[in-house]
2 protein chains.
Amino acid sequence: MTAYQKLMAFTRETGALAQIAGRLGWDQETMMPRGAADQRAEETGALQSVLHARRTDPHVGDWLQAAKAPDQAGEAQLRLIRREYERAGKVPPDLANALAKLTSRAQGHWAEARAGDDFKAFAPVLEQVLRLKREEGAALAGGGDVYDALLEDYEPGITGARIEAMFARMRPGLVALRKAALAMPEVAAVTGDFPAGKQMKLARELARRFGYDWARGRLDKAVHPFSSGSGDDVRITTRTSEDDPFNCLYSTIHEVGHACYEQGIDPAYRLTALGQGVSMGVHESQSRIYENQLGRSRAFCGWLYRRMTRAFGDMGVADADGFYASVNRVHRGYIRTEADEVQYNLHIMLRFDLERALIAGDLAAGDLEAAWNDRFKADFGYQVDRASNGCLQDVHWSVGLFGYFPTYSLGNVYAGCLHEAMRQAVPGLDAGLATGDISAATGWLNENVQQYGGLYEPSDLIERACGHAPDAAPLMRYLDDKFTRLYPG
Amino acid sequence: MTAYQKLMAFTRETGALAQIAGRLGWDQETMMPRGAADQRAEETGALQSVLHARRTDPHVGDWLQAAKAPDQAGEAQLRLIRREYERAGKVPPDLANALAKLTSRAQGHWAEARAGDDFKAFAPVLEQVLRLKREEGAALAGGGDVYDALLEDYEPGITGARIEAMFARMRPGLVALRKAALAMPEVAAVTGDFPAGKQMKLARELARRFGYDWARGRLDKAVHPFSSGSGDDVRITTRTSEDDPFNCLYSTIHEVGHACYEQGIDPAYRLTALGQGVSMGVHESQSRIYENQLGRSRAFCGWLYRRMTRAFGDMGVADADGFYASVNRVHRGYIRTEADEVQYNLHIMLRFDLERALIAGDLAAGDLEAAWNDRFKADFGYQVDRASNGCLQDVHWSVGLFGYFPTYSLGNVYAGCLHEAMRQAVPGLDAGLATGDISAATGWLNENVQQYGGLYEPSDLIERACGHAPDAAPLMRYLDDKFTRLYPG
């Protein structure tokens, strides 16, 4: 075997083990008995040690030096394997270990603090997480920007400065749209009788219509919706709320976007470095375009209105237009995950600025709640009423995900670019959407994005698909057009 | 750290990885999407490679040489770790690899052949499995008896000769009981309306009553009932047949016996060599005593009759005695897993003799069907009608489990010993069973068997619990007493 072949065999086995780790995570959120948590932590720890040892195995370095890529895909393989190997080698094992242990504990502390609306109880833990993340970031940055080094884990090629500039360009338009919408009478949520079982049945149908391959996946309930796994075993979860059917249905469409990306990657890349979504931002672009540009479009809402009326009866809206307005209603709220397409990005900007300050050491963990509440008041115009509606609402920081939040907005930006390009390439899209047929859109996305897995760097991938570099303008055009019609003022 | 501590840390991590492998197996039988099979095979293969590498890691040998056990449990740890290490070292990696690959393929061939009742299609595959198993057995035996070496994997300390002698003592009594029972009018199965949902609800209640800890387990449906996992995550499966509620209910009680053994082991042994059932025979003793000596006892059947009448209405039996007779009915049948307590062991004796002959090379794979059918006719008095009712009914041989079958009867023998001892130690047992309270029995079993995990060798464990070495006489006394009353002839 050549060095390249040895490297590929070894990393493919590592990829298989990483899939197992993912499946364990899925199990933990869906199936695991509650009394198994401690034992599971030990099991997961053992598998993570194995993965870490393989990712830092000196053989990988030797093979990388000697390997010759046979083709373009092989070059991409080597590039991604090298990046991961170099990254893993930069973090001292003791630090990696300490981080893994701390963040697994910290998540429990966060959940407790959130349940009790008690930020003070969480602050010392967050301070510890921050200390280790700064250390990790410094080790990765090697003298460069620490926050940028953390970003690189989620969105290779991006920097904090570029995100800052992008957000600065988006902000005025979003603020204006928000202001216009909130100045008008509030659109009501749908009302009616939405039994959980019927929601799940429709969720399954929606998954199928959006292209989810049921032979290679499954849908279960979980506290937080997620998609897990790559290739031939990509599982999704959702949740139901009897008051709000959109929670279940649009979460499902969102996770189907993630899942179709993973299911749609060229099978030749399975279990290799190319065999998964290339970045968090691109991943989120798929879930967002499925959920928003397609799922919340006027055309699709016309079909969904009829389908839901058949399933649930009267929903308190006069017609499909009223339904569409309700699906896209802009209203006051504290929670990022419940925000509409306009305000969502404002939630992210707040987190981006705060986490950069936390990592830079300009904001102490203990001062986060006050800083959050001040900023929220300034951006949204009203006071956060309790920590679980404020800085304790998201799990991310407790588990060390600093640099992750902006990828949600990057996903929106990429989705905006892809949507504009797709509309040009597939003119009759709305006709299909209006009959519940999403295949033209999902086909285009598979062909232009999903199949490539990790073959191209994120911004190259978007540029290949859209004919231009990633840019917030298409998203802003789309939001302007959509929400100016919905809220003409 | 001392060598002992290093060894324990390393093997405990291996134990954690082995638990993950078990969980993957559970997932495959209960949750996995059907299209994920190939990818899963690769994932499982990767984890098995890791496990194999750890089990043969030369460090283990070094630590074993240097380690000093701190106490009795430590001595047992070293004994079991040494046994596994030496076993793993005896099998050439290429052979282990070839066996793993072949048996994973062979199971599919077996399933296909069984579905088509076509032994000829399976015979060449079985021949390949046999060749590799003989090779493996020879490597393990190092000049000793090959079948004994294979037995050692499932029941340390037992030999083919001892089993042969034990079976010879049991056989006349079993044949006489069988003859007497079949000479009488056949007892009918229960009849009625047994919806699957109600069966599952009762199965859950039975699991609780038999001591299953729901906080550390779960029950799902699967094609074949099984128990999986150790310590704090021990999952069981069952199945339902709308004609035959006992299929679901007694399978559940059986698997609860296995599961309570695993859940009941001293938590100090978790993930170590002592942290699981000590042998297949002892494991089966727990499932059998739960299912048969307790679950099919007259006292418990009285309670179950009332409980099932409440759930399902009329079952076509006159009273609790009629119900008890139906639960324990002896009737003609081809299938081991459906056999009553008397005939079950005859099914095992047939398999034991045939598999010993197969391994010894005295019987060729191609001649198995004829040999099976002749032997079945001789033992049971009627002709096998098709291969799926004959030599293709069990999966075991296809996956290389030679030496496994006799542990089922050993389990019955151990259960007989334990039951007799328990009846002496806990005089009021039937009073509890008659009210559906099994705790006195399960408490005794936990104290005398389950808590010890791998601390004692199988026969020592039984001797400590019962005051005498394992012996078939108590089982035969129990069967004689029970079935002579049921079938007085």
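The values are calculated or read from the model by the stated rules, or taken from the named source; none is laboratory data. Because the structure is a prediction, the values reported are computed rather than measured. Note that we place each Cβ from the backbone using ideal geometry, even for glycine, and neighbour counts take in every protein chain shown.
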## Note on the structure
Residue pairs within 7 Å by beta carbon, gap of at least six or interchain, first lying in region B:394-409 and outside the structural domain of B:Gln343 (by TED's automatic domain parsing), second surrounded by fewer than 24 Cβ atoms within 10 Å (Cβ to Cβ), listed first then second, are none
### Message
Just to be sure before I move on: is B:Arg87 within 14 Å of chain A (Cβ to nearest Cβ) and closer than 25 Å to B:Asp148 by Cα in the structure I sent?
### Response
no
### Task
Looking for whichever is loosely packed, with under 15 Cβ neighbours inside 10 Å, modelled with pLDDT of 95 or more, out of contact with any strand residue (DSSP E or B) (no Cβ under 8 Å at 6 or more places or on another chain) and more than 18 Å from B:Arg356 (Cβ to Cβ) here; the options are B:Pro156, B:Pro172. Which one fits?
B:Pro172
### Among the residues listed as A:Ala53, A:Ala67, the single one being of a type in the set (Gly, Ala, Ser), within 14 Å of chain B (Cβ to nearest Cβ) and out of contact with any strand residue (DSSP E or B) (no Cβ under 9 Å at 6 or more places or on another chain)
A:Ala53
### Query
Is it the case that A:Thr191 is in contact with an Asp or Glu (Cβ under 6 Å, 6 or more places away or on another chain) and either within 14 Å of chain B (Cβ to nearest Cβ) or surrounded by fewer than 21 Cβ atoms within 10 Å (Cβ to Cβ) (or both)?
no
## Note on the structure
Per the filter on region A:354-388, residues of a type in the set (Asp, Glu) and either in contact (Cβ under 8 Å) with a residue 24 or more places away in the chain or crowded, with 16+ Cβ neighbours inside 10 Å (or both) are A:Glu355, A:Glu369, A:Asp379, A:Asp385
### Count of region B:206-235 residues which are more than 29 Å from B:Asp394 (Cβ to Cβ), free of Cβ contacts under 8 Å to residues at least 40 places away in the same chain and either more than 13 Å from chain A (Cβ to nearest Cβ) or in contact with a Ser or Thr (Cβ under 9 Å, 6 or more places away or on another chain) (or both)
1
### Message
List the helices (runs of 4 or more DSSP H) inside region A:406-471, counting only whole elements, that have at least 2 residues being buried (at least 24 other Cβ atoms within 10 Å of the Cβ).
### Response
A:439-448, A:458-466
### Query
Pick from A:Val282, A:Val317: which is assigned by TED's automatic domain parsing to the domain that holds A:His254, within 16 Å of A:Pro245 (Cβ to Cβ) and in contact with a Phe, Trp or Tyr (Cβ under 7 Å, 6 or more places away or on another chain)?
A:Val317
### Query
Yes or no: B:Val125 among the β-branched types (Val, Ile, Thr), farther than 22 Å from B:Tyr408 by Cβ and assigned to a helix (DSSP H, G or I)?
yes
### Task
Only one of these is in a helix (DSSP H, G or I), within 21 Å of B:Ala440 (Cα to Cα) and either in contact with a helix residue (DSSP H, G or I) (Cβ under 6 Å, 6 or more places away or on another chain) or not aliphatic (A, V, I, L, M) (or both): B:Gly281, B:Gly322, B:Gly302. Name it.
B:Gly302
### Summary
Restricting region A:256-270 to residues that are surrounded by fewer than 22 Cβ atoms within 10 Å (Cβ to Cβ) and out of contact with any helix residue (DSSP H, G or I) (no Cβ under 7 Å at 6 or more places or on another chain), the one farthest from the other protein chains (Cβ to nearest Cβ) turns out to be A:Ala268
### Task
Scan region B:331-341 and give yes if some residue there is out of contact with any helix residue (DSSP H, G or I) (no Cβ under 8 Å at 6 or more places or on another chain), surrounded by fewer than 24 Cβ atoms within 10 Å (Cβ to Cβ) and farther than 28 Å from B:Trp372 by Cα, otherwise no.
no
### Task
Taking B:Met315 as the residue in question, decide whether it is over 24 Å from B:Leu346 (Cβ atoms) and in a loop (DSSP other than H, G, I, E, B).
yes
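Let's see how each residue does on (1) crowded, with 16+ Cβ neighbours inside 10 Å; (2) in contact with a His (Cβ under 7 Å, 6 or more places away or on another chain); (3) within 13 Å of chain A (Cβ to nearest Cβ); (4) of a type in the set (S, T, N, Q):
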residue	(1), (2), (3), (4)
B:Ala9	no, no, yes, no
B:Asp27	yes, no, yes, no
B:Thr44	yes, no, yes, yes
B:Pro58	no, no, no, no
### Message
Restricting to region A:12-22, count the residues that are touching a strand residue (DSSP E or B) at 6+ places or on another chain (Cβ under 7 Å) and facing chain B (nearest Cβ under 8 Å).
### Response
0
### Query
Can you tell me which of B:Ala425, B:Ala378, B:Ala434 is more than 24 Å from the chain's Cα centre (by Cα), under 15 Å from B:Met349 (Cα atoms) and not charged (D, E, K, R)?
B:Ala378
### Query
Are any residues in region A:220-233 at pLDDT 95 or above and out of contact with any helix residue (DSSP H, G or I) (no Cβ under 6 Å at 6 or more places or on another chain), and if so, which ones?
A:Lys221, A:Phe226
### Query
When residues of region B:240-261 are filtered for being more than 13 Å from B:Gly211 (Cβ to Cβ), polar (S, T, N, Q) and part of a helix (DSSP H, G or I), how many remain?
2
### Message
Looking at A:Arg307, A:Arg288, can you tell me which residue is outside any loop (DSSP other than H, G, I, E, B), away from chain B (no Cβ under 14 Å), of a type in the set (Lys, Arg) and closer than 29 Å to A:Asp471 by Cβ?
### Response
A:Arg288
### Task
Tell me which residues, restricted to region A:32-42, are in contact (Cβ under 8 Å) with a residue 12 or more places away in the chain and either buried (at least 17 other Cβ atoms within 10 Å of the Cβ) or facing chain B (nearest Cβ under 8 Å) (or both).
A:Arg40
